[in-house]
Amino acid sequence: MQNLRKKFPVLNQCIYANTASAGLLSEDLMEWRQGHDLDFLIGGSEMKNKSFAHMPEIKKTVGKFFNCKAENVALVPNFTLGFNLLLEGLPKDKKVLLVNKDYPSVNWPFETRDFSREYVDADEHMEENIHKKVKNGNIDVMALSLVQWVNGVRIDFDFLKDLKKEFPNLIIMADGTQFLGTEAFDFEESGIDILGASSYKWLLAGYGNGFYLVKDGVMDQFDLKGIGNGSVNNDASKRNSITFCKFLEPGHLDSLNFGSLEFAINFLDEIGLENVQAQLEKLSKRALTVFSELDLLEQAITKRKQHSTIFNIKGNEKLFNKLSEENIVASPRGGGIRLSFHFYNTEEEIDVIATLLKRWSSK
């Protein structure tokens, strides 16, 4: 992992604890993107037509990486646009279970469409409370982030799998933006029916690309309305035979952005997600230990069995500014300071942050 740090020049200037906001651009991806645009400069529409024809291969790459059939992969500019397209096709009589303070792009689309809703908190009892709500509340749809954006609480994946088995008619929709890219994930084996993600965070693919993975069994629950020339790949004869995922692709798909997604997935595949996961588990354990010792974490975080590498520590604007002055890049979120660590971070960096926080608290 130390050698990989060289591919991310930003790390020479700061301690970058902000992947939950934006994953870093690698030198390798930058070089690929420069080559892409040089080809476009020289080749014009001929180059672009070849790139458009390559989109099915990108879907295969995404599908293979997450174990999802290529035809059940939809390429979207970001999670939010795809989610809104999906909800336009979801009957409004569905009762929905959401997580309080989840990412706005998960909750707001339901709230502004006036779905009947129930909520649970992202705390140490989250799974238990979800089960109670689903069992007692006639819940039709559950939508949540796999990892919460403010405090890093991660849903128990075995729980989701068991929940789907117990309640097979429950539609489980998930945002994987703060999770995918941190460890291997098998979509077909998961309890999730629809999984979407933007790829600019932990997948390190840059902005403007994302995707949805969809199980066959849930498609008939939606009556999708999004449609355009992209839905038929410029072939008007397919107007009446549009597949589910093509309703999520009504416009053209940009070869720079989705080529970046393909490049980033291959990059992570070469590193090995098992190696990424091992590094993140070390970082999560170290951060949980040192921030707990300084009493900087919510009790709900310290009591959970497993946690991500996103941490929200107690701190105000003054503390945030102090961290910034020490070239520590983080984000103010939820009334605290969010620190997030990817494989290019080190345990030593976490110790540096902890040492500073301890020194400042003693003054």
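Give the distance, in whole Å, between the Cα centre of segment 295-357 and the Cα centre of segment 148-187.
24
For ILE42 and LEU4, compute 0.36 nm times the residue count separating them, minus their Cα-Cα distance, and round to one decimal in nm. Mind dumping the intermediate values first?
Numbers: separation 38, 0.36 × 38 = 13.68 nm, distance 3.22 nm.
Going from the current span to full extension adds 10.5 nm.
Checking the cross-link filter: which lysines have an alpha carbon closer than 16 Å to that of LYS285, excluding same-chain neighbours under 8 positions apart?
LYS303, LYS305
Go ahead and run the numbers for FRET between GLN221 and ASN100, Cβ-Cβ distance against an R0 of 35 Å, rounding to 0.05.
For GLN221 and ASN100, the calculated efficiency is 0.90.
Calculate, in nm to one decimal, what SER241 and GLU183 gain on full extension: separation in residues at 0.36 nm each, minus their alpha carbon distance.
Gain on stretching SER241 to GLU183: 17.3 nm.
May I ask you to list the aspartates and glutamates whose Cα is less than 14 Å away from that of LYS225, ignoring any residue fewer than eight positions away on the same chain?
The reachable aspartates and glutamates, counting only those whose Cα sits under 14 Å from LYS225, are GLU88, GLU249.
Residue farthest toward the positive end of the dipole of the chain, with Cβ of Lys/Arg at +1 and Asp/Glu at -1: which of ASN257, GLY152, GLY335?
Going by the charge dipole, the pick is GLY335.
Across segment 156-249, how large is the tail of the calculated P(r) beyond 22 Å, expressed as a percent of all Cα pairs?
Pairs farther apart than 22 Å: 41 percent.
Tally up the carbon and sulfur contribution to the accessible surface of segment 106-222 as a whole percent, 1.4 Å probe, everything protein left in place.
For segment 106-222, the apolar C and S fraction of the accessible surface comes to 45 percent.
Per residue, how many Å² of accessible area does segment 234-327 show with a 1.4 Å probe? Please report the intermediate quantities before stating the final value.
Working: 5060 Å² over 94 residues.
On a per-residue basis, segment 234-327 sits at 54 Å².
Rounded to whole Hz and in sequence order, give me ³J(HN,Hα) for segment 270-278 from the Karplus expression 6.51 cos²θ - 1.76 cosθ + 1.60, θ = phi - 60°, writing x for Gly and Pro.
So the J values, rounded to whole Hz, are 5, 5, x, 5, 5, 6, 4, 4, 4.
Keeping all protein chains in place, calculate the accessible area per residue for segment 63-193 (probe 1.4 angstrom), answer in Å².
Per-residue accessible area for segment 63-193 comes out at 40 Å².
Could you list, in their original order, any pairs among LYS94/LYS132; LYS201/LYS238; LYS164/LYS314 whose Cα atoms are separated by more than 27 Å?
Those over the limit are LYS201/LYS238; LYS164/LYS314.
For the chain, take every pair of Cα atoms, bin their distances at 10 Å starting from 0, and report each bin as a whole percent.
All Cα pairs considered, the percentages come to 5, 24, 31, 25, 13, 3, 0, 0.
The values are calculated or read from the model by the stated rules, or taken from the named source; none is laboratory data. All values reported here derive from a predicted model rather than from experimental measurement. Here the Cβ is made from the backbone with ideal geometry for all residues, glycine too, and neighbour counts use every protein chain on show. Only protein heavy atoms, including side chains, enter the accessible area calculation; ligands, DNA and RNA are left aside. Shrake-Rupley method; radii C 1.70, N 1.55, O 1.52, S 1.80 Å.
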